[in-house]
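One structure below.
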Amino acid sequence: MDSLWILVMTTAVFLAAIILYRNNSRLRGLRSFHTSPVTLPLGSLGLPFIGETIEFITCAYSDRPETFMNKRRRMYGKVFKSHIFGSPTIVSTDAEVSKVILQSDAKVFVPSYPKSLTELMGKSSILLINGSLQKRIHGLVGAFFKSPLLKAQITRDMQKYVLESMANWSSDRPIYIQDETKNIAFQVLVKALINLDPGEEMESLKKQFQEFIAGLMSLPINFPGTRLYRSLQAKKKMVKLVKKIIQHRKNSEISKVPSDVIDVLLNDSSGQLTEDLIADNMIDMMIPGEDSVPVLLTLAVKYLSDCPAALQHLMEENMKLKRLKEQLGEPLCWSDYFSLPFTQTVITETLRMGNVIVGVMRKAMRDVEIKGHLIPKGWCAFAYFRSVHLDESNYDWPYEFNPWRWQEKDTSNCNFTPFGGGQRLCPGLDLARLEASIFLHHFVTQFRWVAEEDTIVNFPTVRMKSRMPIWVKRTGDP
Ligand code: HEM
């Protein structure tokens, strides 16, 4: 009897200890599977309500945007807590921690965007949805953008738009690379998404789109006259245009060989993709695609202007291909562009240094433990790629534009994530690289140039302060 009593008591004490430990562990810091303690990262939540947002933005605007991160990395380590954009946030500048954030599913992390942005995108946007529907749309779009068929079409379209644009360049006025590339990339994107050719409708769409994205970082107040309201009105007009295109496709035979993303989504047989969802998503997909590619192209021109050795190497590689194709009497195809190793390293190095997308934000759906760091439920996790890409322990002389470093380095590792990773890895990645390759090829084989002084601005998006003016001379000209 005594021994039974002792057993019951011991079990009760043991159970109570487990319950007590579990209840307290959230406050003290969790304990991981292993033996290392799990704690809330060090750091400061700053001032009430605004937190550290003002310091973050001030640094982001300055010519040393990493000061905010570097200061905290020195004080607290690569993962620290802060309070930015209205939410307590765990900032990760640690590649391994960011990798786990990116690879986690929606039970653990969901995308987190400013309220104005979520209002503009709508509930069914690929950028916001989770689970099987996101996987489905992501898979369909990603596969289409990777298909040789689309690459061949994009190559034809892009070559046409690039050559048309460059035909108007002359040596007696500055050429604003940022504007030129924005125009070209928009045409390519719209062609790939909804198969619209340049013309009146395209111009109107471009105008509406500019109006639409002007509201992305606005105050989330929606009534007539506000910025958000005007942006939503612009989106309505664009959705109307896309719906007209969808109706037209539905009335004619839907092509089994898709010519654009609308076809791809209309061909889907799951029954999950309604007309409204497709139309909304065509516009929402322009958000990540519209600005990123022109920024990539503009930065490549900037870095090449500052690095004559890289420019020379790039030019020689591209001239060689051009001459070969002329001798064979063949046009360039997409695989030719991807076959240029140095051109690819120039693009890779531009992505590393330029950090077109500085990082991604997620919201924790439950307490999460990564490498001993606690990310509490409801907090944001900010996987900040820029610090990883410019960390000297990952890259020697990280602020030096050095495409040659990629001749021995592999791009598929967690220290290089310009396109994110996991389930939300950018589906437009191949498209972006192809566009960059085509633009650079025609640019360096047709022109020599002198760049005017200009500086990179990193907030709210990366761009050149003066739109990157250059003075060009055609290679054949005296
Ligand atoms: C230099 C060019 C580009 C860069 C650096 C870039 C970067 C990124 C990054 C980092 C993400 C992940 C966002 C996240 O995890 O929350 C992403 C997602 C996405 N990108 Fe890109 N992108 C580029 C070009 C494009 C293009 C041309 C398109 C074409 C439409 C595109 C479409 C998308 C879409 C639809 C998503 C959302 C995927 C999802 O959430 O399932 N991107 N991009």
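The values are calculated or read from the model by the stated rules, or taken from the named source; none is laboratory data. As the structure is a prediction and not an experimental result, all values here were calculated from the model. Cβ placement follows ideal geometry from the backbone for every residue including glycine, while neighbour counts extend to all protein chains displayed. To get the accessible areas, we keep the full protein, side chains included, count just its heavy atoms, and leave off ligands, DNA and RNA. Shrake-Rupley method; radii C 1.70, N 1.55, O 1.52, S 1.80 Å.
At a glance:
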{"quantity": "Among Ala60, Asn402, Ser269 - extreme Cα towards positive end, dipole of the chain, charges at beta-carbon", "calculated": "Ser269"}
{"quantity": "Heavy-atom accessible area order for Lys473, Lys206, largest first, 1.4 Å probe", "calculated": "Lys473, Lys206"}
{"quantity": "Computed over the range 121-474: relative contact order in percent, which uses C-alpha pairs under 8 Å that are six or more apart", "calculated": "24 percent"}
{"quantity": "Ordering of 171-182, 239-250 by burial proxy (mean other Cβ atoms within 10 Å per residue, highest first)", "calculated": "171-182, 239-250"}
{"quantity": "For the chain, radius of gyration divided by Kirkwood radius, i.e. Rg to Rh on alpha-carbons", "calculated": "1.03"}
{"quantity": "Heavy-atom accessible area ranking, 1.4 Å probe, most first, across Trp334, Trp169", "calculated": "Trp334, Trp169"}
{"quantity": "Cα centroid separation, the range 83-141 to the range 189-223 (Å)", "calculated": "23 Å"}
{"quantity": "Computed over the range 225-282: relative contact order in percent, which uses C-alpha pairs under 8 Å that are six or more apart", "calculated": "38 percent"}
{"quantity": "Viscosity 0.692 mPa s, 37 °C: Kirkwood-radius Stokes-Einstein D of the range 175-324 over Cα pairs, µm²/s", "calculated": "184 µm²/s"}
{"quantity": "Accessible surface of the chain [probe 1.4 Å, protein heavy atoms]: carbon and sulfur percent", "calculated": "59 percent"}
{"quantity": "Net charge contributed by nearby residues that have their C-beta within less than 14 Å of Ser335 (K/R +1, D/E -1)", "calculated": "+2"}
{"quantity": "Heavy-atom SASA rank of Met365, Met468 (probe 1.4 Å, accessible area, largest first)", "calculated": "Met365, Met468"}
{"quantity": "Links that overshoot a 26 Å alpha carbon limit, given the list Lys160/Lys182; Lys151/Lys206; Lys81/Lys465", "calculated": "Lys81/Lys465"}
{"quantity": "For the chain, share of DSSP beta bridges that run antiparallel, in % to the nearest 5", "calculated": "80 percent"}
{"quantity": "Euclidean distance of C-alpha centroids, the range 278-296 and the range 301-321, integer Å", "calculated": "29 Å"}
{"quantity": "Point-charge dipole on Cβ atoms (K/R +1, D/E -1) for the chain, about Cα centre, debye to 20", "calculated": "1260 debye"}
{"quantity": "Segments 383-396, 346-359 sorted - mean Cβ within 10 Å per residue, highest first", "calculated": "346-359, 383-396"}
{"quantity": "Sequence ranges 54-66, 414-426, ranked by mean other-Cβ count within 10 angstrom, highest first", "calculated": "414-426, 54-66"}
{"quantity": "Farthest toward positive dipole pole in the chain [+1 Lys/Arg, -1 Asp/Glu at C-beta], among Phe80, Pro331, Leu425", "calculated": "Phe80"}
{"quantity": "Distance between the range 142-188 and the range 411-464 - C-alpha centres, whole angstrom", "calculated": "14 Å"}
{"quantity": "Residue-normalised accessible area of the chain, expressed per residue, 1.4 Å probe, Å²", "calculated": "49 Å²"}
{"quantity": "Calculated log₁₀ intensity ratio I(q)/I(0) where the Debye formula runs over C-alpha points of the range 152-259, q = 0.12, 0.24 Å⁻¹", "calculated": "-0.57, -1.26"}
{"quantity": "DSSP H segments from the chain that extend 27 Å or more along their own axis, Cα-based, with Kyte-Doolittle mean of 0.5 or above", "calculated": "2-28, 286-305"}
